[in-house]
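Colleague: Starting off with a structure, shown below.
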Amino acid sequence: MFEGKKILVTGGTGSIGSEIVRQLLRYNPSVIRIFSRDESKQYFLQQELSEYDNIRFLIGDIRDKERLEYAVKDIDIIFHAAALKHVPACEYNPFEAVKTNVLGVQNIIEAAIDQNVEKVVAISTDKVVNPMNTMGATKLLSERLISAAEYYKGSSRTIFSCVRFGNVMGSRGSVIPLFKSQIEENRPLTLTDERMTRFMMSIPQAARLVLDAGKNAIGGETFVLKMPVLLIKDLAEVLIDDFNTKYTTTRDTLNIEEVGIRPGEKLYEELMTVEESERAFENDQMYVINSHLKHNLDAPKGFVKTENKAYSSLTAKVLTKQEIKDLLSSEDLLFSKVDRND
């Protein structure tokens, strides 16, 4: 469905946005407009993708409705990846999170309806489920805005849907790059709480889920990838062991320092509540949660009704350390073996 299409990717220079762009290029779209605020990231991505002549780079902010309307002009599909996503930053700057994650999303909705865009796929997060932080609350509201847009869009053809992520391994500002840099610099690994569990998915998995949502959405759904769960403490110890093995060092697991949960952070995450499961369907790869505003709950093709239970990292089976190592290896996230003097 992407061949020959005009596509806008907001936040298109971020970890997820740029991978969405890379995967879209395989389908030979007519044009991909990359819309983001950071000119430096745009420069580096422009160098990486210099062989392509169907990419346009646009500096702008989704808070700026007038600028966004120019970016959306004649667009067929919008993948919305721009957000304020770091929990502590949103806690200390809550209205900035509202401006981007709420008002910015409303700007996208209105621009899409005005321009009669074919589809809008917005990226959300597990932190919207029973939110206890500003980031989760603002992203929950953005999900509700997207869901409601499906029902007040009038004669516009636009189909609105969301994709809900867990933690994305290796993305900017995430825990794996942090732990690796702390190990390499022989600093203590800062673990917030040894009981903490998280859903994990790779950057390519995340981008594929977004594209699948773009293909399969019929209006108002939230797509949730089924993904592994791990203890963050086990992840830290696997990375320490991998470093010691490859560089013949003796980094100590006692070097893990428990620093306490950060403002707004949870011990575990949820991707679907019991109430949401009552209107959800699943296949081997993902769940599809129908909008709470939708009454006709027909199963999408290839999906079956899911059990009425929450999808939570508290109750899901966690990976063993060997399984974590295998997962990191498959995504090329372990340390690289190079000649090195320690």
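Quick note: the coordinates plus some simple rules give every number you see, no bench work behind them. What you see is a predicted model; the values in this text were computed from it and never measured. Here the Cβ is made from the backbone with ideal geometry for all residues, glycine too, and neighbour counts use every protein chain on show.
Colleague: At R0 = 25 Å, how high is the FRET efficiency between residue 56 and residue 114 if r is their beta carbon distance? Nearest 0.05 is fine. Please list the in-between numbers first.
Modeller: On the way: r = 20 Å, r/R0 = 0.80.
After rounding, the FRET efficiency stands at 0.80.
Colleague: May I ask for the angle, rounded to the nearest 10°, between helix 321-330 and the longest principal axis of the chain, with both axes built from Cα atoms and the value confined to 0 to 90°?
Modeller: 60 degrees
Colleague: What share of the DSSP beta bridges in the chain is antiparallel, in percent to the nearest 5? Working shown, then result.
Modeller: Values: 14 of 49 bridges.
Taking every DSSP beta bridge within the chain, about 30 percent pair in antiparallel fashion.
Colleague: Taking a quarter of the surface of the Cα convex hull of segment 181-317, what do you get in nm²? Walk me through the numbers on the way to the answer.
Modeller: On the way: hull surface 41.9 nm².
Hull-based average projected area comes out at 10.5 nm².
Colleague: Remind me, relative contact order of segment 90-176 in percent, using alpha carbon pairs under 8 angstrom and six or more residues apart? Kindly include the intermediate steps, with their values, before the conclusion.
Modeller: Details: 110 pairs, mean separation 29.5, N = 87.
The normalised contact order for segment 90-176 reaches 34 percent.
Colleague: What residue among 120, 102, 31 shows peak mean-square fluctuation when the chain is described by a Gaussian network model with Cα springs under 10 Å?
Modeller: Among 120, 102, 31, the largest mean-square fluctuation in the Gaussian network model of the chain belongs to 31.
Colleague: Further, regarding this structure: Could you work out how much longer the chain between residue 241 and residue 186 gets when fully extended? Use 0.36 nm per residue separation minus the Cα distance between them, nm to one decimal.
Modeller: On the way: separation 55, 0.36 × 55 = 19.80 nm, distance 1.34 nm.
Difference between extended and current length: 18.5 nm.
Colleague: Between 286, 135, 201, find the one with the highest GNM mean-square fluctuation for the chain; connect C-alpha pairs within less than 10 Å.
Modeller: 286
Colleague: Return the long-range amide H neighbours of residue 169 (sequence gap of 5 or more, or a different chain), with a cut-off of under 5 Å between placed amide H atoms.
Modeller: Under 5 Å from the amide H of residue 169: 201, 202, 203.
Colleague: Test of understanding: what is the full-extension gain from residue 307 to residue 73, defined as 0.36 nm times their sequence separation minus their Cα-Cα distance?
Modeller: Values: separation 234, 0.36 × 234 = 84.24 nm, distance 4.22 nm.
The span from residue 307 to residue 73 would gain 80.0 nm if fully extended.
Colleague: Please give the charge dipole size of segment 208-317, origin at the Cα centre, charges +1 on K and R Cβ atoms and -1 on D and E Cβ atoms. Round to the nearest 20 debye.
Modeller: Numbers: 14 positive and 19 negative charges, 79 e Å.
Dipole magnitude for segment 208-317 comes out near 380 debye.
Colleague: Work out the charge dipole of segment 193-342 with +1 on the Cβ of Lys and Arg and -1 on the Cβ of Asp and Glu about the Cα centre, then indicate which of 302, 319, 236 is farthest towards its positive end.
Modeller: Among 302, 319, 236, the one farthest towards the positive end of the dipole of segment 193-342 is 302.
Colleague: For residue 41, go through the aspartates and glutamates and keep the ones whose alpha-carbon is under 15 Å away, minus same-chain ones fewer than eight residues off.
Modeller: 19, 61
Colleague: Also, I was wondering about something else. Treating the beta-carbon of each Lys and Arg as +1 and of each Asp and Glu as -1, no other charges, what is the dipole magnitude of the chain about its Cα centre, to the nearest 20 debye?
Modeller: On the way: 44 positive and 50 negative charges, 122 e Å.
Dipole magnitude for the chain comes out near 580 debye.
Colleague: Right, next: Got a sec? Charge dipole of the chain, +1 on Cβ for Lys and Arg, -1 for Asp and Glu; which of 133, 32, 47 is way out at the positive end?
Modeller: In the chain, that residue is 32.
Colleague: Roughly how big is segment 160-203's charge dipole about its Cα centre, with Cβ charges of +1 (Lys, Arg) and -1 (Asp, Glu), in debye to the nearest 20?
Modeller: Numbers: 6 positive and 4 negative charges, 38 e Å.
For this selection, approximately 180 debye.
Colleague: Taking N as the number of residues in the chain, what is its Cα Rg relative to 2.2 N^0.38 Å?
Modeller: On the way: Rg = 20.4 Å, N = 342, 2.2 N^0.38 = 20.2 Å.
Normalised Cα radius of gyration, the chain: 1.01.
Colleague: For the Cα atoms of the chain, what angle does the longest principal axis make with the long axis of helix 39-48, in degrees from 0 to 90, nearest 10?
Modeller: The angle comes out at about 80 degrees.
Colleague: On a full-extension model of 0.36 nm per residue, what is the gain between residue 296 and residue 318, subtracting their alpha-carbon distance, rounded to one decimal in nm?
Modeller: That works out to 4.4 nm of additional length.
Colleague: For the pair residue 3 and residue 28, how long in nm is the line joining their label points, each one 7 Å along Cα→Cβ?
Modeller: Output for this residue pair reads 0.6 nm.
Colleague: Which links in 85/215; 226/317; 153/294; 226/305; 233/317 stretch past 18 Å when you go from one Cα to the other?
Modeller: Beyond 18 Å: 85/215.
Colleague: Specify which residue in the list 292, 156, 173 is farthest towards the positive end of the charge dipole of the chain, using unit charges on the beta carbon of Lys, Arg (+1) and Asp, Glu (-1), about the Cα centre.
Modeller: 156
Colleague: What does the helix-only formula give at 222 nm for the chain: each DSSP H stretch with n ≥ 4 adding -39500 (n - 2.57), the total divided by the residues, and the result rounded to the nearest 500 deg cm²/dmol?
Modeller: Values: 12 runs with 124 residues, N = 342.
Taken over the chain, the calculation gives -11000 deg cm²/dmol.
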